[in-house]
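Engineer: Pasting a structure below so you can have a look.
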Amino acid sequence: MRRRDFPILFAGSMGRWTSVVRAQQTTVPVIGILGAVSPEVMGVQLNLAAFREGLRETGFVEGQNVVIEYRWAELRLDRLPALAAELVARKVDAIVAAGGTALAAKNATSTIPIVFAVGTDPVAEGLVASLNRPGGNLTGISTFNLKLMPKRLELLSELLPQAKVLALLAEPNIPITEPMTRDVQEAARTKGVQLQILQASSESEIDAAFATLVQLQVGGLLVAPPPSFSIQRERIFALASRVSVPMMSDTRSYVEAGGLISYGPSLAGMWRQVGIYVGKIIKGAKPDDLPVQQPTTFELVINLKTANALGLNVPSSILTRADEVID
C-alpha cells in the first residue's frame, strides 16, 4: 500500500466507525404492549396515560426516546400467542402484559422482560415463583381484584338493606369464575341474602340475564370484572337502567358512565407503577429484583345522580367512606 493512501483509508475507516458509534448511541428502546381488549374500550386510554406518566418519571417519553408497539387482541384471546410472538420477533426491550395476556407473553419468551398488570394471584397462575422474588423474566402489579368481590357484595348489601335477593353477573367457561363465585356465595350467606348466579358473555346472553333479573325480582346486581364485560359495558348500563337495577362494579369508569357504585384499586396508580417498572428495566434492572407490587389505594365511588334516578337513599355510612361522590 502506498504511504499517501493511508490517510485516505484511515479517514474512511474512522468515518464508518463514527457512524457505527453514533448509531449505537442513538438506539431507541422499544416497548411492546399486549392487550386483551381494544384501545377504544372504556378506561384503556386513561390507563395508558398513567403508564406513560410512570415512564416519564424514569426519564422516558414516547416518541422522543422510547418507542411503544401496541398489539390488541380485541377480546379474541386465541390471537394472543401470535401477537406475543410478533413482539418477540420485533425484539422489543420489554413487554407489558395487560389483563389476561401475561401467560401468553410468558409462553412466548423466557428472555425478554415482562411486566404484567393482573387482577388475579400471579403465584397461583404460575407467572412468578413468589411475590418478593418473582424469578425468571416476569414481574408486575397484581390488584388481587377478584379477592375484593365479597367486599363488593357487602357494600352492595349495605347500600340496599331491604334487598333480599342479589345477583352476580359472571362470565362462563373461564377459570376464575368458579372460585370467585364460591367466595361471593359465602359472603352472601354471611349477610343473610339470597344470591342468584347469572352467567353471560355474548349480547344475547346478557339480554337474557337481565330478563331473568326482572323475573326473580333481584334488588341489586354485582358485575364481575372479566374482560368481555369491558366490551359490553354500555349495553349493561343501558339494561340496568331500563329495569332499574342498582349495579355494583369494580372500577370507577363504570360509575362515571352511569353505574351506581364501584369499589376497587386505583387503576391510575397501578398503571403508573407499571410504567415505572418498565423504565427501570430499560435502564438495566432485572425483573427478579423487582417484587410484585400490590395496590395500597382503593377507591369507593358513588354516583348520586344514578341513586336519585333509582329512588335510592344512600346511607350516610357509605357516603362518609366514599372517595368520590358524583352528583
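We did not get these values from a lab; they are worked out from the coordinates using the rules stated. These numbers were taken from a predicted model, which means no experiment stands behind them. Here Cβ is always computed from backbone atoms with ideal geometry, including for glycine, and neighbour counts include all displayed protein chains.
Engineer: Return the whole-Å distance between the Cα centroid of region 279-327 and the Cα centroid of region 142-219.
Structural biologist: If you average the Cα positions of each part, the centres end up 20 Å apart.
Engineer: Apply the Karplus curve 6.51 cos²θ - 1.76 cosθ + 1.60, θ = phi - 60°, to the phi angles in region 183-198 and return the couplings in whole Hz, x for Gly and Pro.
Structural biologist: 5, 5, 4, 5, 5, 5, 4, 4, 7, x, 10, 7, 10, 9, 9, 10
Engineer: Give, rounded to the nearest 20 debye, the magnitude of the charge dipole that the chain has about its Cα centre when Lys and Arg contribute +1 at Cβ and Asp and Glu contribute -1 at Cβ.
Structural biologist: 1280
Engineer: Arrange the peptides 298-307, 97-106 so that the one whose residues have, on average, the most other Cβ atoms within 10 Å appears first.
Structural biologist: Result, highest mean first: 97-106, 298-307.
Engineer: With n ≥ 4 as the cut-off for DSSP H runs, can you work out [θ] at 222 nm for the chain, using -39500 (n - 2.57) per run divided by the number of residues, rounded to the nearest 500?
Structural biologist: -12500 deg cm²/dmol
Engineer: Another question about this same structure. To the nearest 20 Debye, how big is the dipole of region 194-327 about its Cα centre, given +1 on the beta carbon of each Lys and Arg and -1 on that of each Asp and Glu?
Structural biologist: Dipole of region 194-327, to the nearest 20 debye: 260 debye.
Engineer: Also, quick follow-up: Among T297, V115, L153, which residue has its Cα furthest toward the positive end of the charge dipole of the chain, with +1 on Lys/Arg Cβ and -1 on Asp/Glu Cβ?
Structural biologist: Towards the positive end, the residue furthest out is V115.
Engineer: Compute the projected area of the convex hull of the Cα atoms of region 32-175, averaged over all viewing directions, and report it in nm² to one decimal place.
Structural biologist: Working: hull surface 43.1 nm².
For region 32-175, averaging the hull's shadow over all directions gives 10.8 nm².
Engineer: Taking all pairs of distinct Cα atoms, average 1/r, flip it, and tell me the Kirkwood hydrodynamic radius of the chain in Å to one decimal place. Each step should come with its number before you reach the end.
Structural biologist: On the way: mean 1/r = 0.0461 Å⁻¹.
Roughly 21.7 Å, rounded to one decimal.
Engineer: Considering only the other residues whose Cβ falls under 11 Å of the Cβ of V41, what net charge follows from Lys and Arg at +1 and Asp and Glu at -1? Let's see the in-between values first.
Structural biologist: Values: positive: R233; negative: E40, E74, E234.
In short, -2.
Engineer: Could you rank the peptides 40-48, 197-205 by their average count of other C-beta atoms within 10 Å per residue, with the highest value first?
Structural biologist: Answer by packing, highest mean first, reads 40-48, 197-205.
Engineer: Starting from the amide H of I33, placed 1.01 Å from N in the peptide plane, find each other amide H under 5 Å away whose residue is 5 or more places distant or on another chain.
Structural biologist: E69, Y70, R71, V96
Engineer: Let me check I've understood the local charge: for V165, count other residues with C-beta under 14 angstrom from its C-beta, Lys and Arg +1, Asp and Glu -1. What total comes out?
Structural biologist: Working: positive: K164, R189, K191; negative: none.
That sum, taken over residues with Cβ under 14 Å, equals +3.
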